[in-house]
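Beneath this line is the structure, given in structure tokens, with notes to follow.
The values are calculated or read from the model by the stated rules, or taken from the named source; none is laboratory data. All figures in this text were calculated on a predicted structure; none of them were measured in a lab. Ideal geometry is used to build each Cβ from the backbone, glycine not excepted, and the neighbour counts take in all protein chains shown.
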Amino acid sequence: MRLFDSTIRIKVKELPFFSAYGIFLLFSVLSTSLYYKYISGAIYAGIILMCMGIAAAGEIFLGSKYNTKQQYALIITIILYAIISYTSSGFFTTVGIIPILLFSARNIDFRKIAWFSAVMMFFILLFVILSAEAHIIRNLSVVSINGRHREFLGFRFPLNPATIAFNISALWVYYKKEKLHFIEIFFLLGLNAFIFIKTDSKLAFASSVIVLVMGFMLKYCCDFVSRRRAITFFICLSFIIAFGISLAFALTYDGRVMWMKKLNRFTEDRVYFANLSLKEYGVTLFGEDIPWVGFGTEDSGEIANNVKANYFYVDNMYIQVMQRYGLLFFGAYIFLNTVTMLRCRKNNDMYALLILAVIAYKCIIDNLSFYIYYNTFWFMICYAILYKRKSILEDPTVRRLLRKLDLI
């Protein structure tokens, strides 16, 4: 698997973004591991502030003039940042920096971001796992009542490394597209299989397999898929459909109904807790800080004692974001992702369209894809809506045709 590509060129104007994003990516992923006790609190807030400062400096000193569309995007960015800051009671948060980074990346080809993110996250993942194996940090493990054994691999929760591996797989499939080789597919399958065996994270592993199989199939039938306009339009509605499914099951859940009880058991009580959270806290326009209690570790690296007795957490990303950040932010999130998928369809970018669809349905029982270091395809929003292609050679359809003719 060739990680480094000599064709990737980072321009001077792009350096502020990649510097800010690279620093954020490093420390945000480490904050999900047992290294977080060394960078938590004021140190992490300072890192976020530094990243925001670098991105802002790039806009001031190297940024180009804003057209009308970019001006609207800047206003939306400020509004979303304000909502997140208000809900989080802080200006320097992991979620708050998302709209800032997205706006800063509006003039950057997503292929560069995909390659940069995949390579960097692979080495961070490897570093944390090796640290745990070398006993520099702890490799926690738990065995549930039903005999389910899960290792943490140096992270704070078993699902963390599995979701990172999924993100790496999806990014690499998008970056390589038609040039994806069998050896790369087998390597990524091996990485995901190893983490699955250790962590027993079924959803992340299944999602990775789907993306890799899909990437292999698109090598040979991308044009066939793009010509199915009715099907691809239906795929574009994935975030709306997934939200509708989430809300319907959460609102109508009744533990006395046998099939609902079985569905809840299959999803490990996710439907029950989504239903309970909506009943307890409802939904507001600007969101609120809900005191959910999730499964995790304390600063010492031990599993928190209050988890088993007080566990109450919403894993459904749609319900969680809607309650946590409010209807205004959530509406913008669904709208922007749907517009992004429609633009991907218009550009015949089937790789992005299908990967985003997998992420949309994955979010029904997984909230981690809301975070940018678990879901780098956040950047696809600005890439699809704001990015201006500098050359006809950047058009996916043109590049695919030229590859078939062996001209590139």
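Looking across L125, L153, one residue alone is part of a loop (DSSP other than H, G, I, E, B) and in contact with a Pro (Cβ under 7 Å, 6 or more places away or on another chain). It is L153. Being part of a helix (DSSP H, G or I), of a type in the set (A, V, I, L, M) and under 18 Å from the mean Cα position of the chain (by Cα) is a property that A193 lacks.
With respect to the conditions (1) closer than 22 Å to G90 by Cβ; (2) free of Cβ contacts under 8 Å to residues at least 60 places away in the same chain, I60 falls short on a single one, namely (1).
Filtering the stretch 22-62 to residues that are among the aromatic types (F, W, Y) and touching a Ser or Thr at 6+ places or on another chain (Cβ under 8 Å) leaves Y35, Y44.
Here is a yes/no grid of residues against (1) of a type in the set (A, V, I, L, M, F, W, C); (2) in a helix (DSSP H, G or I):
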site	(1), (2)
S19	no, yes
G53	no, yes
E59	no, yes
K65	no, no
A82	yes, yes
V95	yes, no
P99	no, yes
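Return yes or no: is V321 over 22 Å from F17 (Cβ atoms) and at pLDDT below 90? Criteria not met by V321.
Among residues of the stretch 342-374 being under 11 Å from the mean Cα position of the chain (by Cα) and assigned to a loop (DSSP other than H, G, I, E, B), the one that is surrounded by the fewest Cβ atoms within 10 Å (Cβ to Cβ) is Y371. Go through the residues of the stretch 230-247 one by one and say whether even a single one is part of a helix (DSSP H, G or I), more than 24 Å from the chain's Cα centre (by Cα) and at negative phi. Yes; the residues of the stretch 230-247 include at least one that is part of a helix (DSSP H, G or I), more than 24 Å from the chain's Cα centre (by Cα) and at negative phi.
Across the stretch 132-157, the qualifying residues are those that are in contact with a Ser or Thr (Cβ under 8 Å, 6 or more places away or on another chain) and either of a type in the set (S, T, N, Q) or surrounded by 24 or more Cβ atoms within 10 Å (Cβ to Cβ) (or both), and the one among them that is nearest to T32 (Cα to Cα) is F155. Residues considered: V283, V271. Of these, the only one that is under 26 Å from the mean Cα position of the chain (by Cα), assigned to a helix (DSSP H, G or I) and either at pLDDT 85 or above or under 15 Å from Y318 (Cα atoms) (or both) is V271. Residue-level check: of (1) surrounded by 20 or more Cβ atoms within 10 Å (Cβ to Cβ); (2) under 24 Å from P161 (Cβ atoms); (3) under 20 Å from the mean Cα position of the chain (by Cα), L180 misses just (3).
Of the set (1) among the aliphatic types (A, V, I, L, M); (2) surrounded by 19 or more Cβ atoms within 10 Å (Cβ to Cβ); (3) in contact with a Leu (Cβ under 6 Å, 6 or more places away or on another chain); (4) not in a loop (DSSP other than H, G, I, E, B), all apply to V119 but (2). Given the criteria β-branched (V, I, T), in a helix (DSSP H, G or I) and surrounded by fewer than 19 Cβ atoms within 10 Å (Cβ to Cβ), does I75 qualify? Answer is yes for this residue.
Exactly one residue out of I168, I137, I164 is in a loop (DSSP other than H, G, I, E, B) and either within 23 Å of the chain's Cα centre (by Cα) or touching a residue at least 24 places away in the same chain (Cβ under 8 Å) (or both), and it is I137.
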